[in-house]
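The values are calculated or read from the model by the stated rules, or taken from the named source; none is laboratory data. Just so we're clear, the structure is a prediction, and the values are computed from it rather than from any experiment. Because the Cβ atoms are built from the backbone with ideal geometry, glycine has one as well, and the counts that use them run over all protein chains shown. With ligands, DNA and RNA removed, areas are computed over all heavy atoms of the protein, side chains included. Shrake-Rupley method; radii C 1.70, N 1.55, O 1.52, S 1.80 Å.
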Amino acid sequence: MPHPFLLRRLLTRRRVVLACAAVTVLAAAAALLLAAPTTEVPGRALLVAGARLHPRPRAAAAGRSPDDAPSPSLPPPPPLNAKVRLPSKISPAPSMFSAPVPSPAENFDDGSTEEPEHPDMKENPLKESAPFLQEPISSGPPTRRSDVSEDLDESGNAEPPPRPEMPLWSTKADEELIYAKKEIADAPLVVGDPDLYAPLFRNISVFRRSYELMERLLKVFIYHDGAKPIFHSPELKGIYASEGWFMKLMEADQNFVVRDPNRAHLFYLPYSARQLEHNLYVPGSNTLDPLSIFMKNYIDMISAKFPYWNRTKGADHFFVACHDWGPYTTKLHDELRKNTIKALCNADVSEGVFIRGRDVSLPETYLKSARRPVRDIGGKPAAERSILAFFAGQMHGRVRPVLVKYWGGKDADMRIYTRIPRQITRRMNYAKHMKSSKYCICPMGYEVNSPRIVEAIYYECVPVIIADNFVLPFDDALDWTAFSVVVAEKDVPRLKEILLAIPESRYITMRSNVKKVQRHFLWHTKPVKYDIFHMILHSVWFSRVNQVHQVEQ
């Protein structure tokens with residue numbers, strides 16, 4: 001019989017061997033999840049980066065769209081050293097990351113869109129698990145470009161837009177982008193366009209020419225790699241609907257999507273930030289590391305499997321994320337965070353993640369029905385709107401408590417509530433308040449973005465946006481001064497004074513423009529020209545065109 005001491009040593013070694021084998025199995029499982037195609041059999045629970053992922057039941061796989069017809073013939077592209085000037089972009093703010101905070105979710109009793117709380121995330125920002133994160137700064141109102149030709153730094157000098165590194169090799173798609181850049185810079189003057197209302201746009205000539213070229217040229221390749229539910233699983237209701245509807249319509253598209261990646265101008269990463277949170281965040285863990293590790297592993301996988309990421313270091317790739325945590329999931333992969341075109345609802349320039357001039361501000365749209373995304377829009381005519389300003393919602397973030405402190409229940413013209421009293425909702429619910437108000441107050445919540453902005457546009461109420469450092473959606477194309485009011489956070493005590501100072505004629509014009517701009521924020525089960533799907537895609541296209549390099553000859 002073996003000596004007891006020797007027996008214990010043998011048992012210890014056996015445990016070590018078994019533990020090593022278990023680690024190997026878990027690592028293989030994580031790799032399988034990242035590399036799995038969308039046709040992978042569901043139902044297995046996989047461990048990824050230490051977090052449990054429970055795939056949901058899967059819908060039937062959608063059919064893949066066929067290749068587009070060959071690209072249209074083009075005039076000869078300009079010389080590669082030709083000087084091209086497009087509208088420049090504001091350079092990014094100094095890198096200042098803030099801790100992720102609770103993200104928006106479902107609705108409120110009275111119909112207002114509201115955000116839930118993750119107390120552990122709210123009270124203990126990720127200082128220990130992510131020491132590079134710093135507190136946010138607040139230095140000004142939502143940003144919009146004042147000129148399409150030049151942006152200035154603090155000293156008054158023009159700043160060049162951010163420039164990605166040169167691609168490792170050139171393609172026909174690069175030549176088409178250079179051609180498009182010159183064509184947009186030389187866009188013919190547009191006067192009296194019957195299909196576009198010029199006062200809504202910063203430069204209607206640039207927008208129309210860019211949009212025409214997008215329709216004619218743009219090709220998008222969608223990666224099939226990645227298993228549900230994080231990939232290819234659009235969420236079509238609630239306030240994360242923007243990322244879900246874009247994914248649904250992009251993957252079903254037959255005009256822009258191609259199977260041959262060698263023809264693509266853009267590469268779409270079809271993952272959901274909402275599904276990352278839902279499947280990988282561990283409640284009470286006080287860390288987003290599992291989400292960031294997952295995304296780093298995914299990018300490492302596609303860059304090892306395919307050559308396309310490495311050609312531009314991710315500069316021709318993009319993703320669409322409406323969840324507040326979307327920007328922070330990129331923190332562990334430098335190229336994903338710095339080079340990729342990020343279409344984000346959380347478009348805050350003060351944190352150093354959203355890069356003005358490269359990234360896209362995504363509208364946050366709250367949808368109640370997946371079958372009928374366009375419903376219950378409209379409101380009373382301007383003359384019948386008896387309420388000066390309206391807001392109802394929970395006290396999330398730094399702005400809303402100040403708003404309620406100065407205006408909650410203190411002025412009959414300013415209907416500012418935390419929750420609409422029940423005796424009032426019996427006569428007039430949340431939606432009816434918005435439809436009966438001249439101005440709808442849209443203060444930031446935990447982050448700068450708010451679904452109330454688009455909600456106000458749907459109800460034809462002039463949005464009053466209070467969120468410093470917020471880049472407004474589609475700011476590359478739309479002139480928000482034509483249909484909205486921007487108020488700095490420090491001016492909340494003067495809110496009524498600011499609104500009353502707006503002439504009635506100016507209000508009537510803005511309210512009319514809200515109705516006209518509405519078409520650019522509507523989702524359709526089959527995309528319509530100039531709708532929100534095409535506007536998002538155009539902003540991504542315009543960013544890519546603006547970043548393309550010309551090789552000096």
Check your understanding: Is it true that some residue in segment 464-477 is more than 19 Å from the chain's Cα centre (by Cα), outside any loop (DSSP other than H, G, I, E, B), closer than 22 Å to Met414 by Cα and touching a residue at least 24 places away in the same chain (Cβ under 8 Å)?
Key -> yes
Practice item. Return yes or no: is Ser233 assigned to a loop (DSSP other than H, G, I, E, B), crowded, with 17+ Cβ neighbours inside 10 Å and polar (S, T, N, Q)? Key: yes
Exercise for review: Specify which of the listed residues (Thr425, Thr418) is touching a residue at least 60 places away in the same chain (Cβ under 8 Å), of a type in the set (Val, Ile, Thr), out of contact with any Pro (no Cβ under 6 Å at 6 or more places or on another chain) and not assigned by the TED database to the domain that holds Pro290.
Suggested key: Thr425
Practice item. Considering only residues that are under 30 Å from the mean Cα position of the chain (by Cα) and among the small types (Gly, Ala, Ser), look in segment 375-392 and name the one that is farthest from His524 (Cα to Cα). Key: Ala389
Review point. Just one of Lys490, Lys496, Lys526 is part of a loop (DSSP other than H, G, I, E, B) and more than 18 Å from Tyr211 (Cβ to Cβ); which is it?
Key: Lys526
Review point. Got a sec? Which of Ala382, Ala389 is buried (at least 21 other Cβ atoms within 10 Å of the Cβ) and over 15 Å from Asp475 (Cβ atoms)?
Key: Ala389
Review point. Does Asn429 meet the test of being polar (S, T, N, Q) and surrounded by 24 or more Cβ atoms within 10 Å (Cβ to Cβ)?
Key: no
Review point. Taking the condition of a type in the set (Gly, Ala, Ser), within 16 Å of Leu500 (Cβ to Cβ), outside the structural domain of Asp324 (by the TED database) and buried (at least 18 other Cβ atoms within 10 Å of the Cβ), does Ala412 pass?
Key: no
Point to revise | Test: Ser272 is of a type in the set (Ser, Thr, Tyr), at pLDDT 95 or above and outside the structural domain of Asn449 (by the TED database) | key: yes
Exercise for review: Would you check if there is a residue in segment 234-246 being over 23 Å from the mean Cα position of the chain (by Cα), in the same structural domain as His317 (by the TED database), at pLDDT 95 or above and not hydrophobic (A, V, I, L, M, F, W, C)?
Suggested key: no
Review point. When you scan segment 250-282, how many residues do you find that are within 23 Å of His520 (Cβ to Cβ), open to solvent by 10 Å² or more (accessible area, probe 1.4 Å) and in contact with a Pro (Cβ under 8 Å, 6 or more places away or on another chain)?
Key: 3
Point to revise | Unique match (being among the charged types (D, E, K, R), at positive phi and buried (at least 19 other Cβ atoms within 10 Å of the Cβ)) among Lys342, Lys331, Lys313 | key: Lys313
Exercise for review: Would you check if there is a residue in segment 493-516 being open to solvent by 40 Å² or more (accessible area, probe 1.4 Å), within 16 Å of Phe201 (Cβ to Cβ) and in contact with a strand residue (DSSP E or B) (Cβ under 9 Å, 6 or more places away or on another chain)?
Suggested key: no
